[in-house]
Amino acid sequence: MNSFNKNSLKKMLDDMNEQSHFYRPTPFWEEGSKVIIDELEKKGVEKFRALNSTRSFFVPTYSYPTYLENEELFANVKEELDKLVIDPKLNTKLELLLSGKMQAFSDYRTLVATNEEFAPYTNKVSESKVGKPVEQYTFDNRNFSRSFLNYLLGLNFIKKHVDTKDIKNVMEIGGGFGTLGEILLGDERNECFYINADIPPVSFVSSYYLKEVFGSSNVADYNDLLEKEILDINELKQEYKALNICSWQIPKLQGEIDLFVNFISFQEMEPDVVNNYCEYVRKLNPKYILLRNIKEGKKQKDENTVYGVETPILGDDYDTFLPEYKLVSKDSEIFGFKTEDNFHSELRLYTKK
């Protein structure tokens, strides 16, 4: 990274260390942040989607673990399959499985099959190559990563159950590198204003990504809004297409949002931290809340698990954290994901009671 970027990230980190524990890394991210920062400093934010650390934490991939780093590890398996000559297409099928393309295409088929032709529109957007992704698939002349398809399926899920045509202001906490913003802003028919709040170094990366994709003047980040005591949503949307703020700036937000989204990151936090965030979200009065959470809870931290949580967040916890809202629908089979060892990544949709 150049000196400006280093200074920008250092400012975020220094300021974060002055905040209460609600806005600092929880046990899962405390260790993860260290390796991400180290690799960003060594190799640069410009290729953050190719880094091992980011792909372990907030740049999800479809491919078999370690396959992208070293395809030669699987060369012997392919050679042995070739010797069998049972089915000449066997190695091709194995390659599709290991590379993740088979699962990516399955998700894409679900996306197309569940598409609804009203806002927020999802049928034209294509993911950028900013950050130099090592895994990205092209279907029907559109680019997709796992993150991109995850969010697209989430939007199709909510469109199946509620009227989304008037969704304009969308807020997310822990939005990875900004994928939801790219989808919503990538199609002008959506007329959306996007807000993402996160902790550094992820907020630093998402700021870089969104500014590269949509232009620096269209995305306000931590440094742009640092001196403001109030972040008035209605005022800021007249000047910007998106806000990419740090977590401790959330209490400064004023106004209302139509949709709040959290995909996966709440499950990596502790219950009191999630409850604190939910209190501020409720003050912004969203019509709908869309969450993605491991049904069985994130793995707990122990001597064998460095990247784990102290207390897992379960689905019922959200019912407590969001008392004015009711659960409308949940899914882990079609729009979510069920792992081989029976862990369910579950989508949960809430509306006002």
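The values are calculated or read from the model by the stated rules, or taken from the named source; none is laboratory data. Keep in mind it's a predicted model, so treat the numbers as computed, not measured. Methodologically, a virtual Cβ is constructed for each residue, glycine included, from the backbone with ideal geometry; neighbour enumeration extends over all protein chains shown. Heads up: the accessible areas ignore ligands, DNA and RNA and are worked out on the full protein's heavy atoms, side chains in. Shrake-Rupley method; radii C 1.70, N 1.55, O 1.52, S 1.80 Å.
Computed values, structure above
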{"read-out": "Residue within the stretch 262-273 that is under 15 Å from Pro323 (Cβ atoms), open to solvent by less than 10 Å² (accessible area, probe 1.4 Å) and in contact with a helix residue (DSSP H, G or I) (Cβ under 7 Å, 6 or more places away or on another chain) present", "value": "no"}
{"read-out": "Lys43 being in contact with a Leu (Cβ under 8 Å, 6 or more places away or on another chain), more than 26 Å from Phe337 (Cβ to Cβ), at pLDDT 80 or above and open to solvent by 50 Å² or more (accessible area, probe 1.4 Å)", "value": "yes"}
{"read-out": "Hits in the stretch 31-40 (condition: β-branched (Val, Ile, Thr) and either touching a helix residue (DSSP H, G or I) at 6+ places or on another chain (Cβ under 7 Å) or crowded, with 18+ Cβ neighbours inside 10 Å (or both))", "value": "Val35, Ile36"}
{"read-out": "Candidates Phe48, Phe22, Phe28, filtered to the one that is open to solvent by less than 30 Å² (accessible area, probe 1.4 Å) and at pLDDT 95 or above", "value": "Phe48"}
{"read-out": "Within the stretch 119-191, strands (runs of 3 or more DSSP E) holding 3 or more residues that are in contact with a strand residue (DSSP E or B) (Cβ under 6 Å, 6 or more places away or on another chain)", "value": "169-173"}
{"read-out": "Candidates Asp107, Asp14, filtered to the one that is open to solvent by less than 40 Å² (accessible area, probe 1.4 Å), modelled with pLDDT of 95 or more and acidic (Asp, Glu)", "value": "Asp107"}
{"read-out": "Segments classed as strands (runs of 3 or more DSSP E), wholly inside the stretch 254-353, with at least 1 members that are aliphatic (A, V, I, L, M), at pLDDT 95 or above and within 27 Å of Glu30 (Cα to Cα)", "value": "259-263, 288-294, 344-352"}
{"read-out": "Count - residues of the stretch 149-158 that are closer than 28 Å to Asn276 by Cα and open to solvent by less than 10 Å² (accessible area, probe 1.4 Å)", "value": "6"}
{"read-out": "Hits in the stretch 310-353 (condition: without any contact (Cβ under 8 Å) to a residue 40 or more places away in the chain, acidic (Asp, Glu) and open to solvent by less than 90 Å² (accessible area, probe 1.4 Å))", "value": "Asp319"}
{"read-out": "Lys129 being basic (Lys, Arg) and over 19 Å from Gly100 (Cα atoms)", "value": "no"}
{"read-out": "Residues of the stretch 120-139 that turn out to be without any contact (Cβ under 8 Å) to a residue 12 or more places away in the chain and open to solvent by 40 Å² or more (accessible area, probe 1.4 Å), as a count", "value": "2"}
{"read-out": "Within the stretch 55-100, considering residues that are β-branched (Val, Ile, Thr) and at negative phi, the one most open to solvent (accessible area, probe 1.4 Å)", "value": "Ile86"}
{"read-out": "The listed residue being in contact (Cβ under 8 Å) with a residue 24 or more places away in the chain, over 26 Å from Ile250 (Cα atoms), part of a helix (DSSP H, G or I) and among the polar types (S, T, N, Q), out of Ser33, Ser56, Ser63", "value": "Ser56"}
{"read-out": "Condition met for Leu253 (more than 23 Å from Val130 (Cβ to Cβ) and buried (at least 20 other Cβ atoms within 10 Å of the Cβ))", "value": "yes"}
{"read-out": "Residue within the stretch 298-309 that is more than 21 Å from the chain's Cα centre (by Cα) and open to solvent by less than 50 Å² (accessible area, probe 1.4 Å) present", "value": "yes"}
{"read-out": "Any hit, the stretch 178-200, residues being open to solvent by 20 Å² or more (accessible area, probe 1.4 Å), of a type in the set (S, T, N, Q) and at pLDDT 95 or above", "value": "no"}
{"read-out": "Failed condition for Lys11, given (1) without any contact (Cβ under 8 Å) to a residue 40 or more places away in the chain; (2) over 22 Å from the mean Cα position of the chain (by Cα); (3) in a helix (DSSP H, G or I)", "value": "(1)"}
{"read-out": "Lone qualifier among Asn276, Asn244 - being of a type in the set (S, T, N, Q) and crowded, with 23+ Cβ neighbours inside 10 Å", "value": "Asn244"}
